[in-house]
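Undergrad: One structure is given below, represented as C-alpha cells, and several questions about it will come after.
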Amino acid sequence: MDVKGKKALIFGGTSGIGLAAAKRLLDLGAEVTAISRNPDRVTDIPEGMKLKKCDVRDEAALQNLFAESAPFDIIVSAATGGDRAVGPFLEMDMAGFRASFDKMWGYANVVRYGAPHLSETGSIVLVSGAPARKIRPGQIAIGSVGGAVETFARSVAKELAPRRINVVSPGFIDTPMVSLQGAEREAFYAKTTAGNVIPRAGTPDEVAQAIVFLVTNDFVTGTTVDVDGGWLIS
Ligand SMILES: NC(=O)c1ccc[n+]([C@@H]2O[C@H](COP(=O)([O-])OP(=O)(O)OC[C@H]3O[C@@H](n4cnc5c(N)ncnc54)[C@H](OP(=O)(O)O)[C@@H]3O)[C@@H](O)[C@H]2O)c1
C-alpha cells in the first residue's frame, strides 16, 4: 500500500509507540487521526495530526467514531487499554489479572467495529509484546494477553481478507509507559535488557518502522514481527 493520501486511525496514537507510528505515517503523506482517552494531555502533536477522544473499551463510542471517520484504509492499535497486573500468578489479585485483558478487549473491539469500514486494500496492525512467547518472572498476565493478541490476529486474518491484519511484538521500549525518570530510568532499562543480544531499550520509532512495514507490504498477513533486541533468543 502506498500510504500517501490514505486515511489512518491510530488508537493509542498520542504517546510512545502509537505516536511514533503516527509520525512516520504522516511523513509518508497519510491523513492521520490519533485516538486516546485523554488526547488533550498531549504536548508533542505533530503538524497535521488530528486528535479524537475515545476509550477503546467503550463499544458504543467506538462504533460512533468509526461511522463518522469511515471509510479509512489503516488501523493501528497500540492502546494499552487499562492497568496491567505484574507479579507471580499464585499471589495475583484476580481482578487485576482480568483487567490486564482490557488491552485484548480493546483490540477486539477495534477490529470488530472497524473492519466493516476498512477499504478492501486496508491493513490493521496490533501491538503485542515479547512476553507473549518468552515470559520472564512476574509477566504472566501480560504474557497471556500478548499470546491472545497474536492468536487472535492469526485467527481472524482469513475472515478479513483481502484486508490484512498483523502484529508487532516489541521488547522493552523506552516510552512514557514507564514513569521512572533520570538515573532510575536508565538503571531500570539497563537491568531489564542486560541479558538481551542487543542490551538496551528500543526506541518507539524502531517499533514504528515495523508497523509501517506491515501497513505497506501487501504480501504480509496473519503474522507477527518481533522488534525486541533479540529478547526471544537471549
Ligand atoms: N513500552 C514497552 O516497553 C512495551 C513493550 C511491549 C509491548 N508494549 C505495548 O505497546 C503498546 C503501546 O505501549 P507504549 O509503551 O507506547 O505505551 P504508552 O506510551 O503508555 O501509550 C499508550 C497509549 O494508549 C492510550 N490508551 C491507553 N488505554 C486506552 C484506552 N482504554 N482507550 C484508548 N486509548 C488508550 C494512551 O492514551 P490515554 O492515556 O490518553 O488513553 C496512550 O496514547 C501497548 O499495547 C503496550 O502493551 C509496550
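All of the numbers you see were taken from the coordinates with simple rules; none came from a lab. Since the model is a prediction, treat every value here as computed from it, not as a measurement. Note that each Cβ is placed from the backbone with ideal geometry, even for glycine, and that neighbours are counted across all protein chains shown.
Undergrad: Which pairs break 29 Å Cα to Cα here: LYS7/LYS158; LYS52/LYS191; LYS50/LYS191; LYS50/LYS158?
TA: Exceeds cut-off: LYS52/LYS191; LYS50/LYS191; LYS50/LYS158.
Undergrad: Hey, what do the phi angles of region 214-224 turn into as Karplus ³J(HN,Hα) couplings, whole Hz, using 6.51/-1.76/1.60 and θ = phi - 60°, x for Gly and Pro?
TA: Couplings: 5, 5, 8, 8, 6, 9, 10, 8, x, 10, 10 Hz.
Undergrad: In Å, what Rg and Dmax follow from the Cα atoms of the chain?
TA: Cα-based Rg and Dmax for the chain come out at 16.9, 50 Å.
Undergrad: How much length is gained if the chain between ILE45 and ALA70 is pulled fully straight, taking 0.36 nm per residue apart and subtracting their Cα-Cα distance, in nm to one decimal?
TA: Length difference between fully extended and current span is 6.7 nm.
Undergrad: Moving on. As a footprinting exposure proxy, order ARG98, ARG164, ARG154, ARG24 by other Cβ within 10 Å, with the fewest listed first.
TA: ARG98, ARG154, ARG24, ARG164
Undergrad: Let me check I've understood the local charge: for LYS52, count other residues with C-beta under 14 angstrom from its C-beta, Lys and Arg +1, Asp and Glu -1. What total comes out?
TA: My count for the surroundings of LYS52 gives 0.
Undergrad: While we're looking at this one, here's another question. Give the shape of region 194-234 as rounded, prolate or oblate, defined through the alpha-carbon gyration tensor: a ≥ b ≥ c are the square roots of its eigenvalues, a/c under 1.5 means rounded, and otherwise the shape is prolate if a/b is larger than b/c and oblate if not.
TA: oblate
Undergrad: Follow-up question, since we're still on this one. Calculate, for ASP218 and ALA183, the FRET efficiency according to 1/(1 + (r/R0)^6) with r their C-beta to C-beta distance and R0 45 Å; round to the nearest 0.05.
TA: FRET efficiency, ASP218 to ALA183: 0.50.
Undergrad: Moving on to the next point. So for region 1-122, what percent of the C-alpha to C-alpha distances run longer than 20 Å?
TA: Cα-Cα pairs of region 1-122 separated by over 20 Å account for 44 percent.
Undergrad: Would you calculate a helix-derived [θ] at 222 nm for the chain, using -39,500 (n - 2.57) for each DSSP H run of n ≥ 4 and dividing by the full residue count, to the nearest 500?
TA: Theoretical 222 nm ellipticity from helices: -12000 deg cm²/dmol.
Undergrad: Can you work out the Karplus-derived ³J(HN,Hα) for every residue in region 184-198? Use 6.51 cos²θ - 1.76 cosθ + 1.60 with θ = phi - 60°, whole Hz, and x for glycine or proline.
TA: 5, 5, 4, 5, 4, 5, 4, 5, 6, 10, 4, x, 7, 4, 10
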